[in-house]
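The values are calculated or read from the model by the stated rules, or taken from the named source; none is laboratory data. Please read these numbers as outputs of a predicted model, since none were measured by experiment. Cβ coordinates were reconstructed from backbone atoms using ideal geometry, including for glycine residues, and neighbour counts include every protein chain displayed.
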Amino acid sequence: MNSSTHRTEAAEGSGRTPDTAGPPAVDIETPVDVSRYTAAVDLPVSVEDAFAYHERPGCLGRLVPPWESVEVEHSDNSLAVGSRVVLKTGLLGVPLRWHARHTRYEPPTLFADVQDSGPFAFWHHQHKFSAVGPNASRMTDDVAYRVPMSGVGELFGGSMVRGKLEAMFAYRHRVTQDDLALMAKYPGTPKTVAVSGATGLVGSALCNLLTLLGHKVYKITRNEKADEGEIAAWSTDEEFEKFNDVDVVVHLAGKSIASKRWTDDVKQEIRDSRVLKTRELSERLAKLSSRPETLICASATGFYGSRGDEILSESSEPGDDFLAGVSQEWEDSCRAAADVGVRVVNTRFGIVLSPKGGALEQMLLPAKLCGGALGSGRQYWSWIALDDVLGAIVHCIHTDSVVGPVNFVSPAPMTNRELAKTLGRVLGRPALLPAPAPALRIAIGEMADALLLASTRVIPDTLQSTGYEFRFRSLDDVLRYSLGKVRLASQA
């Protein structure tokens, strides 16, 4: 759990300590009529490692809360004095850019930034690090801020701003704490990892985390010509030779199964985008002179079909419907790589939870309108937090004993009715209005039975038996974390 303390108070002037590296620090004159927000978290690493985490490429992207519509538009990828960051966001539907500039850089104890332009009338953020043990440290975020329109803005928006700060720093501190624990558990020589589906929900977040962990990441593209940092996997043999320098391939690409109503042509596209492309990739990897050591290929819990309340592990038999058939062929298409000694891992994804995409994004509006269970609501939904998908992939990269199918689900599958009630409770809405199965079938056809009404009660036997430690075992916990509903008590 996150170990944090928070307080808000009137800001006082901040002192200035000599810089130990880089350009001279910039003095920031703090106005008298500002508020201050301070948040502290204990981290499971040395003060040097805690500071270094924030200097790594990919860190800023990891710390942007998923419930906020914020994009990192520009970053100098530096904390040095004078380096800049531009965040693209919005306010009441109006596009807004937040320009920040670093003003102090004193590793490993302090760095600071100030807003040059953006949503606040004043913003000055100091990140302070102190040692609390040989492999333990404390990070303190100290923010002096003023909302726009002076007293009027504070009167009408002050409590909202403080609530947003509490949610944002609760999220950032937990991410930092969990990421550092992940780094400590899986040390070793950085690897070169190639990722397909790198623009998707899982792929984009994975590339960011792997970069943060110190790995070199290539994005696999279907274009004939690759840009810098890319490999064109379905192009010329000369281009494909780049895979000789890759240690791990993570293959996530495939046509969305929920983007269009299923017709025979759409179903064929779903199958071909997975089976044919994966088979071609696997066969070409097998012919390389210096093959990757590991191929991690996506699959799905649809492998098992709809099985009621039967508990399903990796050793369970496959189902007999369309998605079960596609999943079986998908996993079999990795055979060429496995036959030449590449360690193949087939990640059977459950419902990946993130407000930035996938099922949860689609569920939010109905839940806010008091929507309830789908169909009977008795069908089991096996879910997993996005951060656990990323952590489990890192686990598979570093754990040689993990081979073959791996269920990427939390240890706590629940019925659709339970999930709807939990989401409603987190959002402060009752889950009152069910969606009858016949209406769902009319609305989306065959997909209703395959995606919404199917029951798969899957457990993560392999992940647990090989030592993966889940960040989230409670649905309530992950929903509050990813939707910004965590509020740590303020302390005067």
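So that you can scan it fast, the table gives a plain yes or no per residue for (1) buried (at least 22 other Cβ atoms within 10 Å of the Cβ); (2) within 17 Å of VAL352 (Cβ to Cβ); (3) modelled with pLDDT under 95:
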| site | (1), (2), (3) |
| --- | --- |
| ASP388 | yes, yes, no |
| ILE393 | yes, yes, no |
| SER401 | no, no, no |
| GLY404 | no, no, no |
| PHE408 | yes, yes, no |
| PRO411 | no, yes, no |
| LEU427 | no, no, no |
| GLU469 | no, no, no |
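Just checking, how many residues over region 45-80 are assigned to a strand (DSSP E or B) and either under 19 Å from GLN177 (Cα atoms) or not acidic (Asp, Glu) (or both)?
We begin by selecting, within region 45-80, every residue assigned to a strand (DSSP E or B); these are 71-75.
This time we only want the ones that are either under 19 Å from GLN177 (Cα atoms) or not acidic (Asp, Glu) (or both), so: 72, 74-75.
Final tally of qualifying residues: 3.
Please go through region 354-380 and pick out each residue that is part of a strand (DSSP E or B), of a type outside the set (A, V, I, L, M) and either over 30 Å from VAL248 (Cβ atoms) or in contact with a Lys or Arg (Cβ under 9 Å, 6 or more places away or on another chain) (or both). Give the steps one after another, and end with the answer.
Initial filter on region 354-380 (part of a strand (DSSP E or B)): 354, 357, 371-374, 380.
Right, trim to of a type outside the set (A, V, I, L, M) and you get 354, 357, 371-372, 380.
Residues satisfying the conditions are GLY371, GLY372, TYR380.
Scan region 303-327 residue by residue and report those that are within 17 Å of SER256 (Cα to Cα) and of a type outside the set (Phe, Trp, Tyr). Scanning region 303-327 gives LEU323, ALA324, GLY325, VAL326, SER327. Among the residues of region 174-188, is there at least one that is crowded, with 18+ Cβ neighbours inside 10 Å, on the phi > 0 side of the Ramachandran plot and of a type outside the set (D, E, K, R)? No, there is no match, as no residue in region 174-188 is crowded, with 18+ Cβ neighbours inside 10 Å, on the phi > 0 side of the Ramachandran plot and of a type outside the set (D, E, K, R). Among the residues of region 405-455, those identified as part of a loop (DSSP other than H, G, I, E, B) and either within 30 Å of ALA338 (Cβ to Cβ) or outside the structural domain of PHE349 (by TED's automatic domain parsing) (or both) are VAL409, SER410, PRO411, PRO413, ALA454. Taken over region 81-92, the criterion of being in a loop (DSSP other than H, G, I, E, B) and surrounded by fewer than 16 Cβ atoms within 10 Å (Cβ to Cβ) is satisfied by GLY82, LEU92.
Out of SER333, SER289, one residue alone is at pLDDT below 95 and more than 30 Å from LEU423 (Cβ to Cβ). It is SER289. Taking region 94-148 as the range and being assigned to a strand (DSSP E or B), out of contact with any His (no Cβ under 6 Å at 6 or more places or on another chain) and polar (S, T, N, Q) as the test, the residues that pass are THR103, GLN115, GLN126, SER130, SER137, THR140.
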